[in-house]
């Protein structure tokens, strides 16, 4: 019991771990809520595209010694709005448009980085994250932005759900589909940029998708899924930091590994959709009747061959 208590309380004695726990819980909660609509929309690729589209903005801001977070946000929002407008063309599927901008943004980021002779931790932190280096101000900033994003999503929950499930029906019902698309893209972008400094460009997608995907296996109800996704995101973030601290592993990567392990466990053991549940309730195949026996003859085995005279 004493060892368990020490295991749980020891990291909290360090100020930098306290801040890391706080910011990981907030980011996990916010990403879980926003990720529900990303998963229901089937637009997981947008998270990756926006995360990488923020990269050239960060690189450009670094080159001109500007604010990296502001540069990433500007590039991400610009890309998200362009994707929303271009994807309104029915000749192009949404994932196709996302792929075009994703490749362009990441290629542009590589070109911008290649113009610099040095590669410092200030820029690399936006690729891999520095959750253990966040300040108290960063925690409050993330909490404020995250609260605003969650409130915006909850206020537009029904409309965003309608557009996510059936865009054409939503358009026929008079909903402003383009405006809702832009709103959702901007919210996703803000969530990703908010999380970049802590978990990095590469790992933020897991926080946005994995908790919501895990919750999707457990429930069919939107609000229950939202609550579960937020709890899974926050708990996975905290648990990942415990793993990182006690085993001296990378913090951001540990968080993602823990979240993925929770997803795999749920995929196997989900009460309704889990692999184990399906295996236990699989019905044995019905015995096929013998080709020379008529079905329903009570097993009498009467021949189906024509009677000979």
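The values are calculated or read from the model by the stated rules, or taken from the named source; none is laboratory data. Worth saying up front: this structure is predicted, and the values here are computed from it rather than measured. So basically every Cβ, Gly included, is an ideal-geometry build from the backbone, and we count neighbours across all protein chains shown.
Points to keep in mind about this one:
- Taken over the stretch 1-53, the residue count meeting the criterion of being out of contact with any helix residue (DSSP H, G or I) (no Cβ under 8 Å at 6 or more places or on another chain), at pLDDT below 80 and part of a helix (DSSP H, G or I) is 4.
- Flag if residue 77 is touching a residue at least 12 places away in the same chain (Cβ under 8 Å), surrounded by 19 or more Cβ atoms within 10 Å (Cβ to Cβ), over 21 Å from residue 195 (Cα atoms) and under 21 Å from the mean Cα position of the chain (by Cα): no
- Residue that is assigned to a loop (DSSP other than H, G, I, E, B) and at pLDDT below 75, where the choices are 122, 95, 117: 117
- Residue 216 within 14 Å of the chain's Cα centre (by Cα) and surrounded by fewer than 22 Cβ atoms within 10 Å (Cβ to Cβ): yes
- The residues of the stretch 59-76 that are in a helix (DSSP H, G or I) and more than 16 Å from residue 48 (Cβ to Cβ), listed by number, are 59, 60, 61, 62, 63, 68, 69, 70, 71, 73, 74.
- Test: residue in the stretch 188-207 that is touching a residue at least 24 places away in the same chain (Cβ under 8 Å) and more than 22 Å from residue 70 (Cα to Cα): yes
- Only one of 16, 21, 102 that is over 23 Å from residue 227 (Cα atoms) and within 21 Å of the chain's Cα centre (by Cα): 102
- The set of residues in the stretch 155-166 being surrounded by fewer than 19 Cβ atoms within 10 Å (Cβ to Cβ), part of a helix (DSSP H, G or I) and touching a residue at least 24 places away in the same chain (Cβ under 8 Å) consists of 157, 161, 165.
- Within the stretch 245-261, if we keep just the residues that are in a helix (DSSP H, G or I) and without any contact (Cβ under 8 Å) to a residue 12 or more places away in the chain, the residue that is surrounded by the fewest Cβ atoms within 10 Å (Cβ to Cβ) turns out to be 247.
- Residue 65 vs. criteria surrounded by fewer than 24 Cβ atoms within 10 Å (Cβ to Cβ) and closer than 30 Å to residue 218 by Cβ: no
- Under the condition of being in contact with a helix residue (DSSP H, G or I) (Cβ under 7 Å, 6 or more places away or on another chain) and not in a helix (DSSP H, G or I), the residues counted in the stretch 192-221 number 3.
- Unique residue being part of a helix (DSSP H, G or I), touching a residue at least 60 places away in the same chain (Cβ under 8 Å), crowded, with 20+ Cβ neighbours inside 10 Å and over 17 Å from the mean Cα position of the chain (by Cα) when the list is 138, 181: 181
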